[in-house]
1. Please tell me the relative contact order of the stretch B:1-170 in percent, rounded to the nearest whole number, where contacts are Cα pairs under 8 Å and at least six residues apart.
2. Using a Gaussian network model of chain B with C-alpha springs under 10 Å, which one of B:Y103, B:Y119, B:Y229 is most mobile by mean-square fluctuation?
3. Give the average, rounded to an integer, of partner chain Cβ atoms located within 10 angstrom of each Cβ in A:162-171.
4. Return the sequence-ordered ³J(HN,Hα) values of the stretch B:137-153 in whole Hz as given by the Karplus equation 6.51 cos²θ - 1.76 cosθ + 1.60 applied to θ = phi - 60°, using x for Gly and Pro.
5. Mean separation of Cα pairs under 8 Å and 6+ residues apart, divided by the residue count of the stretch A:419-487: what relative contact order is that in percent?
6. At 1.4 Å probe size, what's the solvent-accessible area of B:R192? Round to the nearest 10 Å².
7. Which order, highest average first, do A:302-314, A:415-427 follow once you tally other Cβ atoms within 10 Å for each residue and take the mean per peptide?
8. What does the structure give for B:201-212 when I average, per residue, the other chain Cβ atoms found within 10 Å of the residue Cβ?
Amino acid sequence: MASIDSETEQQGPIWELVGLSDYRLPSAPTATSARRGLSSLMRLFGRRQPASQGPVKTEDELHRLEPERLEAIISPIDWHPAAQLLQQALEQRSKLDPAWFIISPPAAGYAGLLETWAAQQAAACIPSPTYEIVAGDHSGWLADLPAGDAPWTLPRLERCWLRHPAGLGLVRELFDRLLSGKLGFGLIGCDSWAWAYLRYVVPTQAVRALTLQALDGERLANWLGQLAAGGPAELSTGSPTGSPTVKQKGTPTVTPTGTSTGLPNRLSVAHSLRPRRFRHAQSGNLLLSVNDDEEIGVTSELRYLAAQSRGNPGVALQLWRSRLRSEPDKPEAVEAEADDESDAKAGDESGEEAGGKTADKADGKAVDKASDKAGDTVGDKAGDKTGDRGSDKTGDKPKVETIWVAPAVDLELPSGLDEAEALILHALLLHDGLPTEVVEGLLPHARFQTHSLLLQLAAVEVIRSEPDGCWRVTAFAYAAVRSFLAGRRFLVDDV
Amino acid sequence: MDTETINDLFRRLDTGALLDLTLILFGTVALILLVQKALPWLANRLHGKSRHYLLALVPLLRLIIVIGAFLLAVPTLIEPSLQNMVAIFGSLGLALGFALKDYASSLVAGIVAVGEAPYRNGDWVQIGDTYGEVTHVGMRAVNLVTPDDNLVSIPHAKLWTEPISNANNGSPQLQCTADFYLHPAHDGARVRELLFDVALTSPYLALGEPIAVVAAEQPWGTRYRLRAYPIDARQQFRFATDLTLRAKAELLRQGFRMAAVPARPEPAGASG
């Protein structure tokens, strides 16, 4: 299946379109997993693992980033490169395919990819039916579907059904029409949980289901590097292999290339060129560096983030954004480029070894060294030098902006969750979120009980009410909720 | 057998032997209590097959502990020769056979129950008129908790005389049935589809397990039986209730009429 290759051979593709059976979950570094496993075991018996050393920056010394600054540091996902990849793949599709399904894990936002594709290709984008249409008369909605040869997209199939006896008719009729060829070619997005359920309702084996390959440590580091550089990766044509190529702005080894393709670039080039370093607040290790000369491999921390988010870009991005911090009195702390090379090398290693070594160092002397250096450099040297950061110059080298990354936290579900909560969480995941009145109607409990449980789950941040009025499982709780439901033998998704 | 001969069978119980016996006794009791508490505690934090396997291990481990304790204690009490063993166990068996016949029968049936496993912890069984979940397989009796939350203790000796109906037989899967009685004049195929969808959309359903709708014509109407499996056997009553209530609501919403009650007798000559 098609993939976007980076310009250099050192970096693998970020987006890759693969069949569901080819989806590979990223694995966490062994040492990190073992340490976290030990911590959770000790917590089970009411003990806490003593910290081997104090953090370089404590949580009290750091502030969460302002939303505007967060937006500037991590720009929103731009689906244009992936949409172009999708189009290239579609150009090679079999004419016999009635539809392709793009399966999206929760919060991954692949519906946005399909909407971007539709805008790029001027294809019809079918809005989702309302719940009243799904459970009632849907003949009008089905009649409005395109019938010609022009491709069209339905980005949210999960909105076209309800787990209710009256809620399956629309999706069944939609499949009947699709498979009979009456609707031309459709590109349909579907949530992975809904897809797992719908295989019991409609002949999903008769259509082609694809997804974007999970972001492993390397892909995630490249992608976060792009986002932190302030702009999306840009496609260029004419690579030797004939496949589209991404010029990755902000990654250590590639020079930014401007906006030749005309893709929207939300931030100024000058801003995006600013070197940024992401340092671990506990160890002081360098995790990510953009627009910078530093050669940084993929750290175990980023590998763990990839595993923690199950390779899901939406979840990974939310987890990453939630961990970014700045020093309150130096919100844009910069550090001189004069750091010696050992600074970076002390904290970060590339390749498989990095996980183990970095993890080991977290408890060992190597980190003390790195921490001291990071602390000295960032806290003192950088702090002193950035007292008047607007005018400070360090030779000809650009100033480096330092962003602190709080330690990863694995959300644990409250111990009292039982069957009633499991039913609610499962219903929300199967439908990619539901409004209160609909979820109350789908579950066997009294409405007031369901409502009360929704509020209780929201209070512990397992779910939240989103602007569209739907309750959804939060990105932070997703992994724990999935594991909770799988442990109780509920149906879970494939990706 | 005179007193001297009997005395010869037994070892002299000095302080050391008594201490050994006491240690064996307390060790056995402690181990059994540990197994009986720890494994169900752990099992109740798990779901599915692992829960059933752990629960089923309890009586087996207890039997192993008891046999181990017995093998340790016997040489302390008697001279372990074949002659002595036959004499002691023969006398013991005779006494038990006459004085504690039923008790001994239940004990033996308890050993058979561990071997043949007609019921294990976590199974849903019917013994006589009692239906419930097996919560404890003891040496003498099996404990069931009924849907009304009553604890019923049934001696293992029932194994010899009563049929044991086991609904899930060591597996977390258990079939549930919901009955519906409809007026005979209706579109049966539509009802079958609707009942199938009711089961398919129940949040308790174990997806991937078969769903069956069985119809039978009766003098007073048509009886439909909807059969499906909940995710966990402990959900069976909630699952059956959910199937019943949602199917009834959907049937009425779509204009199906329930069978009239009381049923009218079949008119003469209508059959055949």
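1. Over the stretch B:1-170, the number comes to 19 percent.
2. Sorting by GNM fluctuation, first place goes to B:Y103.
3. 4
4. 9, x, 6, 9, 9, 10, 9, 10, 10, 7, x, 7, 6, 9, 8, 10, 9
5. 33
6. Using a 1.4 Å probe on the heavy atoms, I get roughly 140 Å².
7. The peptides rank, most packed first, as A:302-314, A:415-427.
8. 4
The values are calculated or read from the model by the stated rules, or taken from the named source; none is laboratory data. Values in this document were obtained by computation on a predicted structure and should not be read as measured data. Every residue, glycine among them, receives a Cβ derived from its backbone with ideal geometry; neighbour counts consider all protein chains shown. When the accessible area is computed, the model is the full protein with side chains, heavy atoms only, and any ligands, DNA or RNA have been set aside. Shrake-Rupley method; radii C 1.70, N 1.55, O 1.52, S 1.80 Å.
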